[in-house]
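The values are calculated or read from the model by the stated rules, or taken from the named source; none is laboratory data. Just so you know, these numbers come straight off a predicted model, no measurement behind them. Glycine also receives a Cβ, built like all others from the backbone with ideal geometry; neighbour counts cover every protein chain displayed.
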């Protein structure tokens, strides 16, 4: 068996008397695309922070791309893990054109400065074409729509040729039309040959497109269930995840969630 993209064993994160993550184990294999679902406070943000080395575990082991936390330079490893999140989006300079934003991803740089190498320009141009944003190359960050910004940020993450791409609530702030256009793009991206493993974090089952093969459900810092999405995404599991009676429906490879009139068994 090839080495997994991600392997977490008995991860516990405690701050003072508060247990943020509790004995969490999870594995992502090559070729799998995962969605993480959980209510606010379930541990999603802490899990992502631990994967990128910004939150140290109290106990347990985290191995990403064959490198184990505490045994390697995590700063170097971060260059092989792409992440699209609101924290990155908020730091970018308003005047920076999209092409430079993409190039900056190769160097993990905010507000790119210095001369641009012709090879980097060519690579960034190709990536913008791949994320269906060639027409945005010269547009400044301040004039891009939310959906355009998300595509450019994915391009920025891809500039470093990551084997793992984390999308942290990427549809937040998108209107319904922009959201569907963006999700269609994510579907095409994940289906491409040689695509990085995707981890998509969300509160909304409606955002789970067919390209996602697996699901991880978090509740109060613990894994409620994980595995192939057809087995994991059930009315019963989601009712436990969000601590309310819910009913899950599926049509055309997409999901919808509604409040149930009685407890779901």
Filtering region 131-141 down to residues that are assigned to a helix (DSSP H, G or I) and within 20 Å of residue 108 (Cα to Cα) yields 141
Please identify the pairs in which a residue from region 22-47 that is within 30 Å of residue 193 (Cβ to Cβ) has its Cβ atom under 7 Å from the Cβ atom of a residue that is surrounded by fewer than 16 Cβ atoms within 10 Å (Cβ to Cβ) and at pLDDT below 90, counting only partners at least 6 apart or on another chain.
30/2
Within region 142-151, considering residues that are assigned to a helix (DSSP H, G or I) and in contact (Cβ under 8 Å) with a residue 12 or more places away in the chain, the one nearest to residue 93 (Cα to Cα)
142
Kindly establish whether residue 83 is touching a strand residue (DSSP E or B) at 6+ places or on another chain (Cβ under 6 Å) and surrounded by 19 or more Cβ atoms within 10 Å (Cβ to Cβ).
yes
Suppose we keep only residues that are within 20 Å of residue 72 (Cα to Cα) and out of contact with any strand residue (DSSP E or B) (no Cβ under 8 Å at 6 or more places or on another chain) within region 4-55. Which one would you say is surrounded by the most Cβ atoms within 10 Å (Cβ to Cβ)?
53
In region 157-181, residues that are under 14 Å from the mean Cα position of the chain (by Cα) and either in a helix (DSSP H, G or I) or touching a residue at least 60 places away in the same chain (Cβ under 8 Å) (or both) total 12
Can we say residue 98 is buried (at least 21 other Cβ atoms within 10 Å of the Cβ), touching a residue at least 40 places away in the same chain (Cβ under 8 Å) and over 30 Å from residue 6 (Cα atoms)?
yes
With the condition kept exactly as written, say whether any residue in region 199-217 is farther than 26 Å from residue 5 by Cβ and surrounded by fewer than 16 Cβ atoms within 10 Å (Cβ to Cβ).
no
Taking region 56-72 and keeping only residues that are surrounded by 15 or more Cβ atoms within 10 Å (Cβ to Cβ) and touching a strand residue (DSSP E or B) at 6+ places or on another chain (Cβ under 6 Å), one is left with 57, 60, 61, 62, 63, 64, 69
Hits in region 186-220 - residues which are assigned to a helix (DSSP H, G or I), under 15 Å from residue 254 (Cα atoms) and touching a helix residue (DSSP H, G or I) at 6+ places or on another chain (Cβ under 9 Å):
186, 205, 206, 207
Under the condition of being touching a residue at least 12 places away in the same chain (Cβ under 8 Å) and in a helix (DSSP H, G or I), which residue from region 221-238 is nearest to residue 5 (Cα to Cα)?
229
Hand me the list of strands (runs of 3 or more DSSP E) wholly inside region 1-105 holding 2 or more residues that are more than 14 Å from the chain's Cα centre (by Cα) and at pLDDT 90 or above.
6-15, 18-28, 59-64
All conditions in (1) surrounded by 18 or more Cβ atoms within 10 Å (Cβ to Cβ); (2) modelled with pLDDT of 90 or more; (3) in contact with a strand residue (DSSP E or B) (Cβ under 8 Å, 6 or more places away or on another chain); (4) not in a loop (DSSP other than H, G, I, E, B) are true of residue 154 except (2)
Which one of these does residue 120 not meet: (1) in a loop (DSSP other than H, G, I, E, B); (2) farther than 12 Å from residue 96 by Cβ?
(1)
If you take the residues in region 246-263 that are touching a strand residue (DSSP E or B) at 6+ places or on another chain (Cβ under 9 Å), without any contact (Cβ under 8 Å) to a residue 40 or more places away in the chain and surrounded by fewer than 17 Cβ atoms within 10 Å (Cβ to Cβ), which one is nearest to residue 214 (Cα to Cα)?
250
